[in-house]
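Asker: Right, I'll just put the structure down here and ask away after.
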Amino acid sequence: MGTKKVYIETYGCQMNFYDTEILSGILSKTGHYEIIDEPTTADFILLNTCSVRENAETTVYNRIIQLKQYKKQNKNLLIGLVGCMAERLKDEVFNKSDLVKIVIGPDEYRRAPEILDNSLAGDIGVAVRLSRVETYEDIEPLRTHGLSAWLAIMRGCNHFCSYCVVPYTRGRERSRSLQSIVNEIEKLQLNGFKEVTLLGQNVNSYYDNSSNTTFPHLLRIIARAFPQIRIRYVTSHPLDLSDDLLYAMNEFDNICNYIHLPFQSGSNRILKLMNRGYTREHYIERIKQITKILQNFALSTDIIAGFPTETIEDHNETLNLMEEIHFDGAFMFKYSPREGTKSFKMLDDVREEEKIRRLNEIIALQNKHSKEKNQKEIGKIYEVLAEGPSKKNQIEWMGRTKHNKVVIFNNDKNLIHFGNQVNVLITKANSATLFGDVQD
Ligand code: 5AD
Ligand code: SF4
């Protein structure tokens, strides 16, 4: 068999983007699969999918229909679904689309070469077993970007929020060993990477049995070992975000002072129905503690509008919590019932137009807060990691501060290069972006 070309398209969260690198690593290591970055000449097109909301799945179905054009050009083209949708739907996928011949769940990527081999011989391949131990810690991810890397330190989730499909598509929590994480960051540093984002559905529950390492302990070890690398992490759960983690963040300059802490709803009644395990008061107490220990930091969150039985009063409590905290940024969604979850059995009784209205209200308030918070940055100087030309032109470059804000700055003399750290004085800001001048 000659080398076969595989094109992987990724949807959804950062964990999926990392998983694509793991899957690419596994396939390319065989020597008979080559990963390519556009679909026209592909022998295989794999979609790495997300199930968290219905529209994420609709996007993938629409994409499969579009892929017919490539099938017309190459009748031997094989199309596969991998990731969360593959896990959720299993062989039902084949009833939904006769174009799909391969289905691989997030814990089965080691079997991908065998499944792709078999599909070349005409078999239909399904691998969807979830594992209690798989962490892919011995797999070398195939990374394309040379500055900022994702690194999953744990997989799965044990929280079972009532609306969320993740515990069913990604299974139970399990952590990678400390040593394997340190080894991987060492390689990243050697290859010129300047930033690593530690990923997990709930990084605060990271625990390596073999070395008794907790998440704050892990952060301290890698921050100390790699002072030149910026360290970020997502996502935290308000129940598990400990003071020790905040102290660890405060101890090291290279741990980025940015926290993503989803609150989902400001109403205690809804939080209980969501099975979030905390109250609004607990959430506010955590934010107060973050403010006390870290002082200078940025905070973002996730919010769901229109959960079953949500009243106007509940919704107002969400708006009111936003007013109380003033987040720097937020990911905002309308509730989407997912089959198999607990809340799927609750009556989805907030009308669609009302959900959209509430969501828009949340988005408008957040935009106002983001703009206000960004404008407070004017006059300050931040260390920015230069990522490259902005979308608009080659002269204006973009980069990020440690607190994860995008900064646009002038590079007309071409003195700043990919990966440089530059000090930028912020001169202008809107709700999404800061603008500034590089300081000599
Ligand atoms: N409907 C809407 N939003 C959801 N999320 C997870 N499940 C759902 C759902 N069924 C959101 C939560 C979570 C983020 C990753 O996606 O806000 O934090
Ligand atoms: Fe889903 Fe809740 Fe786990 Fe986050 S903490 S992945 S929302 S179940």
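Asker: Report, by residue number, each residue of segment 326-349 that is near ligand 1 (Cβ under 7 Å from one of its atoms) and either out of contact with any helix residue (DSSP H, G or I) (no Cβ under 9 Å at 6 or more places or on another chain) or under 12 Å from Thr309 (Cα atoms) (or both).
Answerer: Answer for segment 326-349, where residues must be near ligand 1 (Cβ under 7 Å from one of its atoms) and either out of contact with any helix residue (DSSP H, G or I) (no Cβ under 9 Å at 6 or more places or on another chain) or under 12 Å from Thr309 (Cα atoms) (or both): Phe331, Tyr335.
Asker: In the list Glu353, Glu361, Glu317, Glu285, which residue meets the criterion of being touching a Ser or Thr at 6+ places or on another chain (Cβ under 6 Å), of a type outside the set (Gly, Ala, Ser) and away from ligand 2 (no atom under 16 Å from the Cβ)?
Answerer: On inspection, the qualifying residue turns out to be Glu317.
Asker: Show me the strands (runs of 3 or more DSSP E) entirely contained within segment 1-118 in which 2 or more residues are basic (Lys, Arg).
Answerer: Result: 4-10.
Asker: Here are Thr291, Thr309, Thr213: which of them is hydroxyl-bearing (Ser, Thr, Tyr), at pLDDT 95 or above and closer than 22 Å to Glu173 by Cα?
Answerer: Going through Thr291, Thr309, Thr213 in turn, the sole match is Thr213.
Asker: Can you pull out the residues in segment 138-161 that are away from ligand 1 (no atom under 16 Å from the Cβ) and assigned to a loop (DSSP other than H, G, I, E, B)?
Answerer: Asp138, Ile139, Glu140, Pro141, Leu142, Arg143, Thr144, His145, Gly146, Leu147, Ile153
Asker: Of the conditions (1) open to solvent by less than 20 Å² (accessible area, probe 1.4 Å); (2) more than 19 Å from Asn118 (Cβ to Cβ); (3) free of Cβ contacts under 8 Å to residues at least 24 places away in the same chain, Thr58 fails just one. Which one is it?
Answerer: (1)
Asker: Let me ask something else. Of a type in the set (S, T, N, Q) and within 15 Å of ligand 2 (Cβ to nearest atom): is that true of Ser265 in this structure?
Answerer: yes
Asker: Still on this structure: Out of all the residues in segment 255-264, is one or more touching a Cys at 6+ places or on another chain (Cβ under 6 Å), modelled with pLDDT of 95 or more and under 19 Å from Cys164 (Cβ atoms)?
Answerer: No, segment 255-264 has no match at all.
Asker: Condition first: open to solvent by less than 20 Å² (accessible area, probe 1.4 Å), within 16 Å of ligand 1 (Cβ to nearest atom) and part of a loop (DSSP other than H, G, I, E, B). Now tell me which residues in segment 172-211 satisfy that.
Answerer: Gly200, Asn202
Asker: Condition first: among the aliphatic types (A, V, I, L, M) and farther than 17 Å from Gln189 by Cβ. Now tell me which residues in segment 210-244 satisfy that.
Answerer: If the condition is that a residue be among the aliphatic types (A, V, I, L, M) and farther than 17 Å from Gln189 by Cβ, then Val234, Leu239, Leu241 are the ones that fit.
Asker: Continuing with this model, one more query. Among the residues of segment 296-317, write down those that are over 23 Å from the mean Cα position of the chain (by Cα) and closer than 25 Å to Ile255 by Cα.
Answerer: Asn296
Asker: Need at least 1 residues that are open to solvent by 50 Å² or more (accessible area, probe 1.4 Å) per element, so show me which strands (runs of 3 or more DSSP E) inside segment 236-354 make the cut, counting only ones lying wholly within it.
Answerer: So the answer is 329-334.
The values are calculated or read from the model by the stated rules, or taken from the named source; none is laboratory data. Note that the coordinates shown come from a computational prediction; the quantities given were computed from them, not determined experimentally. Every residue, glycine as well, gets a Cβ built from its backbone with ideal geometry; the counts of neighbours run over all protein chains shown. Ligands, DNA and RNA are stripped out before the accessible areas are found, and what is left, the full protein with its side chains, is counted by its heavy atoms. Shrake-Rupley method; radii C 1.70, N 1.55, O 1.52, S 1.80 Å.
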